[in-house]
Structures are given as C-alpha cells and as structure tokens.
Amino acid sequence: MAAALSYEDLRKHARHLENEIDLKLVAFSKLGAGIKSPPHASSDAVPLLSGEDTFEAMALEIEELLNKLTQVNERMSEQPVSGAAMLHTLQRHRDILTDLSRDFRKTTSQHEVRREREDLLRGSGDTFRSDGINNRRDMYLKENQHIHSSDRLVNEQIAIAMETREHLTNQRHAFKRLQTRFNDISNRYPVINSLIQRINLKKRRDSIILGLVISGCTILMLLYVFH
C-alpha cells in the first residue's frame, strides 16, 4: 500500500475491506454449516474441488483480507489525531476488525468440531460395520460348530442303536437256542418216562422174585429144622 495515502483514503479502504470480509464471512458460514463428507464413490465420480477444499480456500482468502484490514487499521492509527471523532472512528474500525476476526474464528472452530464429529461418526459406522461382519462371522462359526456337534451326537446315537440292535439280535438267537433245547427236552420226556417206568417195573419184579426166593428158603429151613 502506498505511503502517500491519506487518512481518508485509508478509512475508505478499511470500509471496503470490512464490507468484503463481511460478505465473505456470510458465505463462509453457510459453506461451513453445509459441508458434508463426500460419499464413497469411484475416483471418476468425485469432483475436482470438494466442499472441504472450497472451505479451506475461502478461509485462506478471508484470513488474508483480515491481515490487510489489520495493516490498514495500523496505518490509520499512525495518522495524526485531529479530534475525538477521529479517535471514535479508529476505535470503531478496531471493534469491527475484532468482531470480524471473532466471527471468522468461530466459524472455523465450529467447522472443525463438526468435521471431527462427522469423522468420529463415520469411523464409528465403519467400526460398527466391521463389528457386524465379525459378529456374523462368529455366529456362522458357532453355527458350524453346533452342526458338527449335532452330527457327532447323531453318529454316536446311531452307533449306540446299532450296538443295541446287535445285542438284541444275539439275545434273540440265544432265546431261540434255549427254546429249541426246551423243545428237544420236551420231546424226549416221554421216552425218559417210559424208561423210568420200565426200570421201576423191573425193580419191583426183582423185589418180588427176591422176596419169593427168600420166603421159599425160609420155609425150607423151617421144614428142615422141625422135621
């Protein structure tokens, strides 16, 4: 800025910068409030200049204008004071610069907080999706283990059933053999009874014969003695 500028020229330039900064701050605030994270898409679908880049570019431009306004205010403060009106004007320009700087920092800070919150939410969403995938994978693994356990249990039950069937079959064969033996014994009982009866008859007959012999011998001995 040329050193030959008068106080009035500096004041006009300051007012021009203030109006320009004020207009840009309005657009800057709207841009900061409306910026959203770009959707996940292919590189062909992503614009060359995103909302975040536009915000950063405008922030640099406003910051440069604020620096220029600061320099103009300093140049005006170096001018000779001609009265209370000039002091009031200088203070007014300093207050405007303070307000504009505060609005700029406020919008920038709010944007940073908003961006961090969106990043956190997006990261949480990715974490939730990752957790959801891990949970589904764990669920599938548990289900697979459950199926294998059920299959093993079914195989064990089938093996037990086969062993029981074989045991029952062996018992049935044993019962059949016993039944056959019982039938054989039952069929042989008449012959055995007949033999026993014959033996008993023979014993009885032998007893009778022996008794007759003994009786005859006794009679003969008595006759011999008393004769």
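The values are calculated or read from the model by the stated rules, or taken from the named source; none is laboratory data. Predicted, not measured: the structure shown is a model, and the values here were computed from it. Cβ placement follows ideal geometry from the backbone for every residue including glycine, while neighbour counts extend to all protein chains displayed.
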Selection from the range 56-113 of residues of a type in the set (V, I, T) and more than 60 Å from the chain's Cα centre (by Cα) yields V72, V81, T89
Any residue at all in the range 191-198 that is surrounded by fewer than 10 Cβ atoms within 10 Å (Cβ to Cβ), in a helix (DSSP H, G or I) and at pLDDT below 75? yes
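Could you please let me know if N187 is loosely packed, with under 10 Cβ neighbours inside 10 Å, assigned to a helix (DSSP H, G or I), modelled with pLDDT under 75 and of a type in the set (S, T, N, Q)?
Here the answer is yes, as N187 does meet what is asked.
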Go through the residues of the range 25-36 one by one and say whether even a single one is in a loop (DSSP other than H, G, I, E, B), touching a Gly at 6+ places or on another chain (Cβ under 9 Å) and at pLDDT below 90. yes
Considering only residues that are within 19 Å of D9 (Cβ to Cβ) and of a type outside the set (K, R), which ones fall in the range 89-112? T89, L90, H93, I96, L97
Looking at the range 75-108, which of its residues are within 22 Å of E63 (Cβ to Cβ), among the hydroxyl-bearing types (S, T, Y) and in contact with a helix residue (DSSP H, G or I) (Cβ under 9 Å, 6 or more places away or on another chain)? S77, S101, T107, T108
